[in-house]
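See below for the structure under consideration.
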Amino acid sequence: MNLKKDTFVPQFFKDIRNYSKTLFLRDLTAGIIVGIVALPLAIAFGIASGVSPTEGLITAIVGGFLVSLLGGSKVQIGGPTGAFIVIVFGIIQRHGIDGLALATIMAGVILLLLGFLRLGTVINFVPYPIIVGFTAGIAVTIFTTQIKDLLGLQLPYMPGDFLGKWKVYFAHLDTFNWISLLFALLAIAIILIAPRIHKKLPGSLVALVLLTIASYTLSQCGLLRPENIGDNYSIGSVKLQLVAPIISLERIQALIPSAFTIAMLGAIESLLSASVADGVIGTKHNSNSELIGQGVANLVVPFLGGIPVTGAIARTMTNINNGGKTPMAGIIHAVVLLLILLFLSPLTAHIPMAALAGVLVVVSYNMSGWRSFIAIFSGPKGDSLVLVVTFLLTTLLDLTIAIGIGMVLAILILLKRVLSVSKITLIDDGQQSIDTPREPELDLPSCIEVYEINGPFFFGIANRFEDIMSERHKNLRVRIVRMRRVPFVDTTAIYNLKTMIHLHNREHTQIILSGVQPEVYKTLRQAGVIELLGEENVTSNIAEARQRAFAFIEGNHPEDFEQLRKSYCL
């Protein structure tokens with residue numbers, strides 16, 4: 001099969017070629033179970049994001065279907081996730097539901113571009129401390145958004161910022177409702193106990209079913225019950241219909257940061273989920289096809305009233321654990337949710353809000369990755385700094401700012417580390433270089449100097465090189481620069497080399513390069529450094545460089561060469 005032609009072929013169309021009844025039965029079982037597990041999560045994520053349960057279910061249905069149909073993973077399950085709660089809620093507060101729809105469509109376009117430009121692997125360059133930091137920050141923020149329903153507080157308004165929320169919570173603690181807290185704690189307990197009874201038992205669904213029955217029973221008996229979904233949202237028979245956001249240049253400009261955040265978070269979470277799945281089932285997903293599938297899903301879902309879509313790690317693992325083998329399982333999961341939406345959606349009105357809060361508290365705990373968070377502190381201090389800064393900015397300010405500043409900080413720390421191991425050494429007569437094993441003494445006169453560059457020759461060390469080389473020494477005729485340990489050079493290094501060559505040429509002093517690696521040599525040739533320096537002044541090793549140095553002195557400084565002849569018996 002031609003790899004280039006097959007690059008963007010969705011995994012579903014690859015697997016369907018050799019599909020069998022056995023595979024279908026496994027996918028059918030997994031798809032039904034994942035659909036049941038996804039039900040309470042879709043409802044909870046929809047409400048927590050600031051929309052209704054219906055929008056959460058539509059996202060899981062349409063998004064999940066398209067991700068499985070057009071994505072690049074065998075077992076990825078797409079839908080709304082906890083990571084987007086904070087982002088979606090913030091966009092709705094600033095730009096409304098219509099603004100969220102437009103931002104999601106724009107994010108879909110960005111994801112499509114990332115996929116078609118084959119930039120799927122670029123996401124792998126996001127440092128691990130940043131991923132842990134913003135994931136933990138999102139987890140804390142999700143937990144914060146659930147305090148109202150967890151405690152049954154009656155709030156006149158809900159601020160958008162983290163500290164503002166807590167300020168309002170503390171100011172209204174007198175409205176605490178003990179029955180809400182009881183239901184939330186029971187939901188958490190059921191979710192934790194259910195897997196111990198049977199590992200495949202969907203704890204969140206069991207919690208919602210049991211607590212919904214309990215709440216309904218209390219209501220029928222005229223007793224105190226917690227607030228339920230129907231108290232806040234009107235839920236009836238659902239009819240899917242197309243909606244179109246208002247599009248204008250001004251709105252697009254205003255929503256670019258939000259769209260970029262949705263796209264980047266969606267790409268990172270989806271590819272992380274697919275990578276985790278690869279490790280479990282022993283396959284390899286196509287990251288570019290996965291981004292294209294995610295892009296199409298986010299492009300289509302807003303027109304049906306949905307919210308952003310991404311790969312869901314928990315549902316993907318549920319799919320794997322229940323025997324899902326191909327993307328057909330994800331398609332079946334979407335069909336199951338669609339049937340529930342069409343025929344059973346009115347029943348969701350009786351689900352207690354406190355029970356949903358309990359579900360999301362467990363989600364935020366599992367998402368926090370606190371063990372990974374703590375483990376990073378045992379590593380380099382720079383990684384710990386990146387982690388803390390990303391976490392705090394995600395929690396207190398904005399995810400986009402957090403990732404941006406985290407990346408800049410990570411790059412600066414990386415540069416500092418590279419600079420600490422990159423050295424420029426002046427090798428004096430009789431002094432050994434950093435080589436191992438030891439090599440013979442260079443035995444050079446004072447008019448020839450040898451420098452060794454060890455490590456990448458880039459802008460950070462290039463300026464240091466320029467400072468060292470600008471120092472003039474009496475009777476200096478040749479400078480040999482050993483570059484055998486230079487893996488690459490950048491534009492700043494090339495500029496500095498050219499400047500030094502011109503300066504030394506004016507003073508009739510020669511620069512000779514020694515041990516230049518093939519890739520570096522190619523770069524220097526393309527940049528015109530080799531032509532400027534002269535092919536004969538680029539040598540393979542220090543012995544050839546030494547010979548070239550003496551030959552230069554003989555041809556350009558015969559009076560010095562005569563002295564060398566007497567001193568070194570040439």
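If R0 is 25 Å, what FRET efficiency do you get for Phe459 and Lys423 from their C-beta distance, rounded to 0.05?
Working: r = 16 Å, r/R0 = 0.64.
Efficiency for this residue pair is about 0.95.
Take Phe176: with every protein chain present and a 1.4 Å probe, its accessible area is about 90 Å². Distance between the C-alpha centres of segment 25-103 and segment 243-301: 12 Å, rounded to the whole angstrom. Taking each residue as 0.36 nm, the span from Phe8 to Val109 lengthens on full extension beyond its C-alpha to C-alpha distance by 34.8 nm.
Assuming charge only on the beta carbon of Lys and Arg (+1) and of Asp and Glu (-1), the dipole of the chain about its Cα centre is about 1480 debye to the nearest 20.
For segment 259-362, the set of chymotrypsin sites (Phe, Trp or Tyr not before Pro) satisfying both a DSSP loop assignment and a count of at most 14 other C-beta atoms within 10 Å is empty.
Within segment 58-167, list the chymotrypsin sites (Phe, Trp or Tyr not before Pro) lying in a DSSP loop whose Cβ has at most 16 other Cβ atoms in a 10 Å radius.
For chymotrypsin sites (Phe, Trp or Tyr not before Pro) across segment 58-167 that sit outside H, G, I, E and B with at most 16 neighbouring Cβ atoms in 10 Å, the list reads Tyr157.
How long is the gain from Leu223 to Thr121 if the chain were fully straight, where each residue apart is worth 0.36 nm and the alpha carbon distance is subtracted? It would help to have the intermediate numbers written out before the result.
On the way: separation 102, 0.36 × 102 = 36.72 nm, distance 5.67 nm.
Computed gain between Leu223 and Thr121 is 31.1 nm.
Is the shape of segment 1-100 rounded, prolate or oblate, going by the alpha carbon gyration tensor and its root eigenvalues a ≥ b ≥ c, with a/c under 1.5 for rounded and a/b larger than b/c for prolate? Since a/c reaches 1.5 but b/c is at least a/b, the shape of segment 1-100 is classed as oblate.
Positive-end ranking of Ser446, Ala375, Gly64 along the dipole of the chain, with charges on Cβ about the Cα centre, is headed by Gly64.
Estimated at the nearest 10 Å², the accessible area of Tyr521 is 60 Å² with a 1.4 Å probe. Binning at 10 Å from 0, report for segment 351-423 what percent of all alpha-carbon pair distances ends up in each bin. Final binned percentages: 17, 34, 28, 14, 5, 2, 0. Whole-percent P(r), segment 60-203, all Cα pairs, 10 Å bins from 0: 9, 24, 35, 23, 9, 0. Bridge orientation summary for the chain: considering DSSP beta bridges with both residues in this region, about 35 percent are antiparallel.
Across the chain, where is the longest run that never hits GluC sites (Glu not before Pro) in a DSSP loop with at most 14 other C-beta atoms within 10 Å?
On the way: sites that count: Glu441, Glu471, Glu507.
Result, exposed sites excluded: 1-440.
A simple charge model with +1 on the Cβ of Lys and Arg, -1 on the Cβ of Asp and Glu and nothing else charged puts the dipole of segment 48-175 at about 280 debye relative to its Cα centre. Charges were assigned to the Cβ only: +1 to each Lys and Arg, -1 to each Asp and Glu. The resulting dipole of segment 448-506 about its Cα centre is roughly 260 debye.
Shown here: the chain, whose C-alpha atoms stretch 114, 60, 52 Å along the first, second and third principal axes, sorted largest to smallest.
Every Cα-Cα pair in segment 243-287 was counted, and those over 17 Å apart are 53% of them. Here's the picture: charge each Lys and Arg Cβ at +1 and each Asp and Glu Cβ at -1 in the chain, and of Leu117, Leu356, Ile147 the one pushed furthest to the positive end of that dipole is Leu356.
Where does the longest stretch of the chain lie that holds no trypsin sites (Lys or Arg not before Pro) found in a DSSP loop with 16 or fewer other Cβ atoms within 10 Å?
285-437
Rounded to the nearest 10 square angstrom, Leu117 shows an accessible area of 110 square angstrom against a 1.4 Å probe.
Calculated mean residue ellipticity, 222 nm, the chain: -20000 deg cm²/dmol, from DSSP H runs (n ≥ 4) at -39500 (n - 2.57) each, averaged per residue and rounded to 500. Rounded to the nearest 10 degrees, the inclination of helix 558-568 to the longest alpha-carbon principal axis of the chain is 90 degrees.
Across segment 108-119, coupling constants 3J(HN,Hα) worked out from phi with the 6.51/-1.76/1.60 Karplus curve, θ = phi - 60°, read x, 5, 4, 5, 4, 4, 4, x, 5, 8, 6, 9 Hz, and Gly and Pro carry x. For segment 139-255, the spread of Cα coordinates along the three principal axes comes to 54, 40, 34 Å, biggest extent given first. Computed from label points 7 Å out along Cα-Cβ, the spacing between Tyr216 and Thr283 is 3.9 nm.
The values are calculated or read from the model by the stated rules, or taken from the named source; none is laboratory data. Just so it is clear, the structure is predicted and the values come from calculations on it, not from any experiment. Glycine gets a Cβ as well: all are built from the backbone with ideal geometry, and neighbour counts include every protein chain shown. We work out accessible area using only protein heavy atoms, side chains counted, and drop any ligands, DNA or RNA first. Shrake-Rupley method; radii C 1.70, N 1.55, O 1.52, S 1.80 Å.
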